[in-house]
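The values are calculated or read from the model by the stated rules, or taken from the named source; none is laboratory data. Everything quoted here is computed from the prediction, not taken from an experiment. All Cβ positions, glycine included, derive from the backbone under ideal geometry; neighbour counts span all protein chains shown.
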């Protein structure tokens with residue numbers, strides 16, 4: 001146990017993976033992008049890995065949406081952002097369907113095998129709706145990229161979900177399915193009388209639900225699918241072990257709302273339960289800093305035009321509202337700091353009303369995070 | 001009839017929108033208003049896990065709803081739609097033999113298949129919803145005349161509204177197809193079903209709102225309108241704004257950000273108007289707390305008469 005205080009600025013310099021968790025709409029993708037910018041500015045080779053980001057973020061970083069592999073942020077943008085070789089910034093906005101296709105090609109023995117799966121109509125229509133597929137592919141990509149050694153740091157922007165850690169649980173559900181023993185039950189049995197009877201019942205059930213023809217097709221598909229993806233199954237467990245290690249930091253990205261404290265509490269408990277290294281809260285859109293702002297003294301307002309003077313009382317009402325909000329945000333930040341204790345941190349990122357994903361804004365946040 | 005009043009004549013309304021825009025609060029407020037109008041309203045959460053914490057249920061003083069509709073406030077029922085419950089209902093309805101249904105539900109292999117198989121989760125939720133829409137009172141009237149659903153994130157919403165078309169291409173016959181077509185007859189009929197998008201006047205929520213509207217249209221889901229939540233009131237005239245502009249830049253006092261906010265909000269609302277013909281109903285910022293829901297319901301009631 002160390003008494004050293006955790007700081008975000010330290011995490012971006014010495015961790016290999018930073019996982020940004022949080023509900024939708026709290027600025028998680030923006031935070032992930034800012035963290036990766038900050039790390040690249042600090043001299044590291046960085047990849048930011050995100051699922052389904054806003055179009056503008058892709059535009060700001062100058063990368064296309066959903067390429068099949070990570071792409072470098074264009075050199076002029078890297079230079080403009082103060083990133084100099086050998087440091088680098090790559091981004092990958094991954095499309096689960098493309099990653100699944102990639103995995104199929106990589107894990108099948110021959111191109112013909114791959115083609116058979118990829119052209120299967122069930123695969124084409126619903127592979128993206130296999131529960132946990134998004135999370136599974138994100139996890140698999142992360143595992144591969146970390147092991148390849150091309151990057152010093154991978155920042156992962158997790159898919160939005162009500163429960164911040166759902167992406168860790170979801171691959172489990174999928175591995176429960178691809179574990180080959182689960183699907184054996186659906187195959188016609190020749191061995192024991194008991195097994196034959198059991199599989200007869202299941203056949204009847206599937207037949208009644210899907211119709212016989214489609215039931216056969218579905219089971220055949222699930223068998224092929226699980227045969228391929230069970231090769232990835234090992235990785236899920238290996239990944240869980242890696243994510244529990246000292247090279248990794250989990251951050252909860254959140255914003256001021258009535259439920260923020262409850263969410264923070266839940267997240268901290270859950271990471272503890274799963275043995276994951278929780279390292280801090282990033283409170284976005286916080287007005288906490290505005291508590292130091294003051295209403296100007298009378299002398300500076302004396303030379304205002306009459307029209308503006310008449311409007312001042314209303315501006316003052318607005319100022320009071322801002323001050324109240326700022327105080328609320330500050331007390332929220334204080335509570336988060338207390339909750340973080342000594343093994344984690346809490347940091348507030350100011351509200352950025354212009355929309356938080358142009359390059360200048362990202363750099364402002366990156367600097368604030370790096371300095372903290 | 002205004003578009004908002006029409007909402008209360010539908011059988012099923014999907015409340016959609018980005019996280020953090022106040023979707024659950026508005027779902028609760030609409031339920032309150034529906035109840036005031038004498039509509040038998042059922043509000044639904046979509047849960048992954050029966051132990052999920054529900055922001056919607058919190059408005060009714062509880063951590064979560066149950067898988068069977070319960071009275072959560074006078075005249076308002078609440079329920080959580082769970083994939084598992086819907087799948088069970090479906091298996092029971094299809095496998096007429098009780099033994100077979102029990103065997104199905106106790107099979108570990110089948111349970112694993114249902115928990116991760118392609119689109120089975122969405123299908124479970126869809127079927128539970130259909131069961132609730134079908135439910136009748138002894139008088140023959142629908143038990144829940146309005147089913148109001150607090151939908152999860154955009155991606156999940158489109159998975160659910162796009163489900164029937166997607167699956168019917170794969171399974172055009174049989175009990176699944178029949179259930180999907182019946183569900184479509186509610187959801188995709190503009191007299192019975194509607195999706196409303198909740199947004200706030202900021203860049204990202206408005207962009208996501210436009211994307212969502214486009215996605216809903218592609219899946220054949222009728223749209224009712226946009227509820228623009230937390231629109232800041234502008235207390236200044238245009239002349240006052242221009243008179244204050246340069247002194248504020250010089251002094252930058254407390255309140256300067258608040259001063260800019262209404263202008264940015266107008267700009268975002270204008271951008272949304274340029275992108276959709278749907279009615280956009282603007283709602284003011286209200287303080288969080290016990291009075292939020294009834295306050296929102298009052299505003300909605302007034303808007304319903306005028307918009």
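A single entry from A:294, A:285, A:339 fulfils the requirement of being in contact (Cβ under 8 Å) with a residue 40 or more places away in the chain, surrounded by fewer than 16 Cβ atoms within 10 Å (Cβ to Cβ) and either more than 8 Å from chain B (Cβ to nearest Cβ) or assigned to a loop (DSSP other than H, G, I, E, B) (or both): A:339. The criterion of at least 3 residues that are within 14 Å of another protein chain (Cβ to nearest Cβ) and under 30 Å from residue A:205 (Cβ atoms) is met by the following helices (runs of 4 or more DSSP H) wholly inside region B:26-127: B:83-94, B:98-106, B:108-116.
Note on region A:239-263: residues that are within 14 Å of chain B (Cβ to nearest Cβ), free of Cβ contacts under 8 Å to residues at least 60 places away in the same chain and in a helix (DSSP H, G or I) amount to 1. Residues considered: B:195, B:199, B:239. Of these, the only one that is more than 11 Å from residue B:272 (Cβ to Cβ), touching a helix residue (DSSP H, G or I) at 6+ places or on another chain (Cβ under 9 Å) and in contact (Cβ under 8 Å) with a residue 60 or more places away in the chain is B:195. Condition first: more than 23 Å from residue A:11 (Cβ to Cβ), surrounded by fewer than 16 Cβ atoms within 10 Å (Cβ to Cβ), within 14 Å of chain B (Cβ to nearest Cβ) and at pLDDT below 85. Can you find one or more residues in region A:346-356 that meet it? So far as region A:346-356 goes, yes, one or more of its residues are more than 23 Å from residue A:11 (Cβ to Cβ), surrounded by fewer than 16 Cβ atoms within 10 Å (Cβ to Cβ), within 14 Å of chain B (Cβ to nearest Cβ) and at pLDDT below 85.
For region B:275-296, the tally of residues that are under 14 Å from residue B:228 (Cα atoms) and assigned to a helix (DSSP H, G or I) stands at 1. Among what's in region A:119-158 and is within 29 Å of residue A:219 (Cα to Cα), in contact with a helix residue (DSSP H, G or I) (Cβ under 8 Å, 6 or more places away or on another chain) and in a loop (DSSP other than H, G, I, E, B), pick the residue that is modelled with the highest pLDDT. Top of the filtered list is A:120. Is at least one residue of region B:162-181 surrounded by 23 or more Cβ atoms within 10 Å (Cβ to Cβ), touching a strand residue (DSSP E or B) at 6+ places or on another chain (Cβ under 7 Å), closer than 20 Å to residue B:11 by Cβ and modelled with pLDDT of 85 or more? The answer is no, given that none of the residues of region B:162-181 is surrounded by 23 or more Cβ atoms within 10 Å (Cβ to Cβ), touching a strand residue (DSSP E or B) at 6+ places or on another chain (Cβ under 7 Å), closer than 20 Å to residue B:11 by Cβ and modelled with pLDDT of 85 or more. Taking the listed residues B:305, B:250, the one that is out of contact with any strand residue (DSSP E or B) (no Cβ under 6 Å at 6 or more places or on another chain), within 28 Å of residue A:314 (Cα to Cα) and part of a helix (DSSP H, G or I) is B:250, with no other qualifying.
Looking at region B:92-103, is at least one residue modelled with pLDDT of 90 or more and more than 26 Å from residue A:25 (Cα to Cα)? The answer is no, given that none of the residues of region B:92-103 is modelled with pLDDT of 90 or more and more than 26 Å from residue A:25 (Cα to Cα).
Taking the listed residues B:41, B:80, B:21, B:13, the one that is without any contact (Cβ under 8 Å) to a residue 40 or more places away in the chain and crowded, with 20+ Cβ neighbours inside 10 Å is B:80, with no other qualifying.
Does residue B:299 satisfy the criteria of being in a helix (DSSP H, G or I), in contact (Cβ under 8 Å) with a residue 12 or more places away in the chain, within 21 Å of the chain's Cα centre (by Cα) and surrounded by 12 or more Cβ atoms within 10 Å (Cβ to Cβ)? It is true that residue B:299 is in a helix (DSSP H, G or I), in contact (Cβ under 8 Å) with a residue 12 or more places away in the chain, within 21 Å of the chain's Cα centre (by Cα) and surrounded by 12 or more Cβ atoms within 10 Å (Cβ to Cβ). Is it true that residue B:142 is in contact with a helix residue (DSSP H, G or I) (Cβ under 9 Å, 6 or more places away or on another chain), touching a residue at least 40 places away in the same chain (Cβ under 8 Å) and within 16 Å of residue B:77 (Cα to Cα)? Judged against the criteria, residue B:142 is a match. Given (1) within 25 Å of residue B:192 (Cβ to Cβ); (2) free of Cβ contacts under 8 Å to residues at least 40 places away in the same chain, identify the lone condition not met by residue B:255. Of everything listed in (1) within 25 Å of residue B:192 (Cβ to Cβ); (2) free of Cβ contacts under 8 Å to residues at least 40 places away in the same chain, residue B:255 misses just condition (1). Being without any contact (Cβ under 8 Å) to a residue 60 or more places away in the chain, more than 22 Å from the chain's Cα centre (by Cα) and within 13 Å of another protein chain (Cβ to nearest Cβ) is a property that residue A:218 lacks.
Considered as a group, the residues in region A:197-215 that are farther than 20 Å from residue B:180 by Cβ and at the interface with chain B (Cβ under 9 Å from one of its Cβ atoms) include one that is surrounded by the most Cβ atoms within 10 Å (Cβ to Cβ), and that residue is A:202. Please work out if residue B:272 is in a helix (DSSP H, G or I), over 13 Å from residue B:25 (Cβ atoms) and touching a helix residue (DSSP H, G or I) at 6+ places or on another chain (Cβ under 9 Å). Taking the combined requirement at face value, the residue satisfies it.
Give the residues of region A:99-109 that are free of Cβ contacts under 8 Å to residues at least 60 places away in the same chain and over 30 Å from residue A:363 (Cβ atoms), sorted by residue number.
Passing the criteria: A:100, A:101, A:102, A:105, A:106, A:109.
In the set (1) touching a strand residue (DSSP E or B) at 6+ places or on another chain (Cβ under 9 Å); (2) farther than 20 Å from residue A:351 by Cβ; (3) surrounded by fewer than 23 Cβ atoms within 10 Å (Cβ to Cβ), residue B:233 fails one condition alone, (2). Listed conditions (1) surrounded by 15 or more Cβ atoms within 10 Å (Cβ to Cβ); (2) free of Cβ contacts under 8 Å to residues at least 12 places away in the same chain; (3) within 14 Å of chain B (Cβ to nearest Cβ) are all met by residue A:320, apart from (1). Does residue A:75 satisfy the criteria of being without any contact (Cβ under 8 Å) to a residue 12 or more places away in the chain, over 30 Å from residue B:156 (Cβ atoms) and over 19 Å from the mean Cα position of the chain (by Cα)? The answer is yes for residue A:75.
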